[in-house]
Amino acid sequence: MYIDKIKMQNFRNYVEQEITLGKNINIFYGNNAQGKTNILEAIYMSAIGKSYRAGKDREVINVNKDFAKIEISYAKKDRDGKVKIEISNKKMIYLNDIKVKKISEILGNINIVLFNPDDINIFKDGPSKRRRLLDIMISQLRPAYLYNLNMYEKTIEQRNNYLKQIKFENKNDEMLEIWDRKLSDYAEVINFYRKEFVQKLKEKIEDIHKKITNNKEKVRIEYISDFTDKEEFFKLLEKNRKLDIIKGYTVKGIHRDDLKLYINENDIEIYGSQGQHRSAILSIKLSELEIIKDEIEEKPVLLLDDFMSELDKERRESFLEDVKDTQIIITCTDKLELTNENKKIFYVENRKCRRKKYRLKK
Ligand SMILES: Nc1ncnc2c1ncn2[C@@H]1O[C@H](COP(=O)(O)OP(=O)(O)OP(=O)(O)O)[C@@H](O)[C@H]1O
Ligand SMILES: [Mg+2]
């Protein structure tokens, strides 16, 4: 698939901007803080329904305005489409000009894989970032997953509040029974999809990582969860109730799940070098790309935020060779020297994005 047009109004530092992308490589270059990543953020929002770097939706509204709009037109093999998002006091999302009721209704229309420089630390930081990575990857493919995840998280929050009330206000602990049943139902669905996705990841990542590291490294990925089956999960919550009341939160559950990655059987979290962290996340993302491709039978759009600067010229060319026939949107601070001819270059300066024509070197 590919994204054809991006329109932004009062989005971040843009006031009015329209960009027509090329079907292959698109490069947005310019100095720091000019608005390159903001473009990727707009695309991401139209695919996932929310930003990956704004805590609150309204942060994306230009500071001098009171609403923001983005509109992304795309083409898939069997249909064209348009996602429009309007953010003011509330957020409204339209798919082909029809308002959707739930965010999950737009998931799966614009398929993307995002390389975000922060992801390089995914196996250094705590497990919540890894769960989030997993959640975003799965949500794109399985909208039912997001619903169950949201319900699980809401129920945990209610349960945690109630645990504190039991502790401090001597409330009766009978309500916990109801919540623990609900949690077990949601956990079963979430665990099913997480297991399914990690299995697919396993099937892809080994070969991809071998290729990236010239056969030097063997990678293994493992999904860690408190969940085995629904009844066992319920018993686990039941068993931990006393401890949970003392702590004031739910100690065990799928909100503690984790993803482990081993390189040549060594835990990357403990033994990984900087380069190994980088190639591990690259392998995960390229695996995700393959998984999406298998599912939707076409390639998702690749968003590379400041990623190419991590690679030397030779690795850049070989990376791009691996992902050819994919629409790629790259941000960088230098005009990238690429031999590939199918590219469109944009210069981003002071909240304006302009097309730069390039001449082929003789
Ligand atoms: N809500 C907002 N309203 C106005 N300007 C904003 C808003 N949010 C962010 N900005 C501005 O957008 C700019 C940052 O944009 P962006 O993150 O896209 O930069 P960038 O070009 O990717 O830079 P870098 O190369 O450093 O990553 C900053 O100048 C910031 O002040
Ligand atoms: Mg940036």
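The values are calculated or read from the model by the stated rules, or taken from the named source; none is laboratory data. Only a predicted model underlies this, so the values are computations on that prediction, with no experimental measurement involved. With ideal geometry, Cβ positions are generated from the backbone for all residues, glycine too; neighbour counts draw on all protein chains shown.
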Meets criteria (free of Cβ contacts under 8 Å to residues at least 60 places away in the same chain, surrounded by fewer than 22 Cβ atoms within 10 Å (Cβ to Cβ), closer than 24 Å to residue 185 by Cα and not basic (Lys, Arg)) for residue 135: yes
Residue match in segment 298-310 (condition: part of a helix (DSSP H, G or I) and of a type in the set (Val, Ile, Thr)): no
Subset of segment 7-27 (residues that are under 21 Å from the mean Cα position of the chain (by Cα) and either more than 16 Å from ligand 2 (Cβ to nearest atom) or without any contact (Cβ under 8 Å) to a residue 40 or more places away in the chain (or both)): 25
Any chance residue 60 is free of Cβ contacts under 8 Å to residues at least 60 places away in the same chain, more than 8 Å from ligand 1 (Cβ to nearest atom), under 25 Å from residue 139 (Cα atoms) and of a type in the set (A, V, I, L, M): no
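Give me the helices (runs of 4 or more DSSP H) completely within segment 140-255, filtered to those with at least 2 residues that are crowded, with 20+ Cβ neighbours inside 10 Å, ordered by residue number. Give the derivation first.
Numbers: elements: 143-169, 175-212, 230-239, 241-247.
Of the helices (runs of 4 or more DSSP H) lying wholly inside segment 140-255, those with at least 2 residues that are crowded, with 20+ Cβ neighbours inside 10 Å span 143-169, 175-212, 230-239.
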Filter result (without any contact (Cβ under 8 Å) to a residue 24 or more places away in the chain and within 27 Å of the chain's Cα centre (by Cα)) within segment 227-269: 228, 251, 266, 267
Sole exception among (1) within 23 Å of residue 38 (Cβ to Cβ); (2) at pLDDT 95 or above; (3) of a type outside the set (Ser, Thr, Tyr); (4) more than 16 Å from ligand 1 (Cβ to nearest atom) for residue 343, by number: (2)
Matching residues, segment 18-27, being modelled with pLDDT of 95 or more and either β-branched (Val, Ile, Thr) or within 10 Å of ligand 1 (Cβ to nearest atom) (or both): 19, 20
Verdict on residue 87 being touching a residue at least 60 places away in the same chain (Cβ under 8 Å), buried (at least 17 other Cβ atoms within 10 Å of the Cβ), within 16 Å of ligand 1 (Cβ to nearest atom) and not hydroxyl-bearing (Ser, Thr, Tyr): no
Failed item, numbered, when residue 166 is tested on (1) in contact (Cβ under 8 Å) with a residue 60 or more places away in the chain; (2) in the same structural domain as residue 12 (by TED's automatic domain parsing); (3) farther than 15 Å from residue 44 by Cβ: (2)
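Of the residues 128, 104, which single one is out of contact with any strand residue (DSSP E or B) (no Cβ under 9 Å at 6 or more places or on another chain), assigned to a helix (DSSP H, G or I) and not assigned by TED's automatic domain parsing to the domain that holds residue 253?
Details: 128 fails: not assigned by TED's automatic domain parsing to the domain that holds residue 253.
From the options 128, 104, the qualifying one is 104.
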Residue that is farthest from residue 185 (Cα to Cα), among those in segment 138-149 that are modelled with pLDDT under 95 and among the polar types (S, T, N, Q): 140
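Can you work out which of the residues in segment 28-59 that are assigned to a loop (DSSP other than H, G, I, E, B) and within 9 Å of ligand 2 (Cβ to nearest atom) is nearest to residue 111 (Cα to Cα)? So that I can check it myself, show each step before the final result.
Applying the first criterion (assigned to a loop (DSSP other than H, G, I, E, B)) to segment 28-59 yields 30-35, 49-56.
If we keep only those that are within 9 Å of ligand 2 (Cβ to nearest atom) too, we end up with 32-35.
Values: 32: 27, 33: 27, 34: 26, 35: 22 Å.
Among them, the one singled out is 35.
Report yes if some residue within segment 314-322 is in a strand (DSSP E or B), surrounded by 15 or more Cβ atoms within 10 Å (Cβ to Cβ) and in contact (Cβ under 8 Å) with a residue 60 or more places away in the chain; otherwise report no.
Filtering segment 314-322 for residues in a strand (DSSP E or B) gives none.
Within segment 314-322 (the criterion being in a strand (DSSP E or B), surrounded by 15 or more Cβ atoms within 10 Å (Cβ to Cβ) and in contact (Cβ under 8 Å) with a residue 60 or more places away in the chain), the answer is no, since none of the residues qualifies.
Please tell me if residue 195 is basic (Lys, Arg) and either touching a residue at least 12 places away in the same chain (Cβ under 8 Å) or touching a Gly at 6+ places or on another chain (Cβ under 7 Å) (or both). Lay out the reasoning, then the answer.
Working: basic (Lys, Arg): yes; either touching a residue at least 12 places away in the same chain (Cβ under 8 Å) or touching a Gly at 6+ places or on another chain (Cβ under 7 Å) (or both): yes.
Against the criterion (basic (Lys, Arg) and either touching a residue at least 12 places away in the same chain (Cβ under 8 Å) or touching a Gly at 6+ places or on another chain (Cβ under 7 Å) (or both)), residue 195 qualifies.
Tell me which residues, restricted to segment 57-79, are of a type in the set (D, E, K, R) and within 19 Å of residue 102 (Cβ to Cβ). Reasoning before the result, please.
So the first thing to find is which residues in segment 57-79 are of a type in the set (D, E, K, R), and the list is 57-59, 65-66, 69, 71, 76-79.
Within segment 57-79, 57 is the sole residue that qualifies.
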Which numbered condition residue 206 misses (of (1) closer than 30 Å to residue 314 by Cα; (2) modelled with pLDDT under 95): (2)
Test: residue in segment 63-81 that is buried (at least 19 other Cβ atoms within 10 Å of the Cβ) and part of a helix (DSSP H, G or I): no
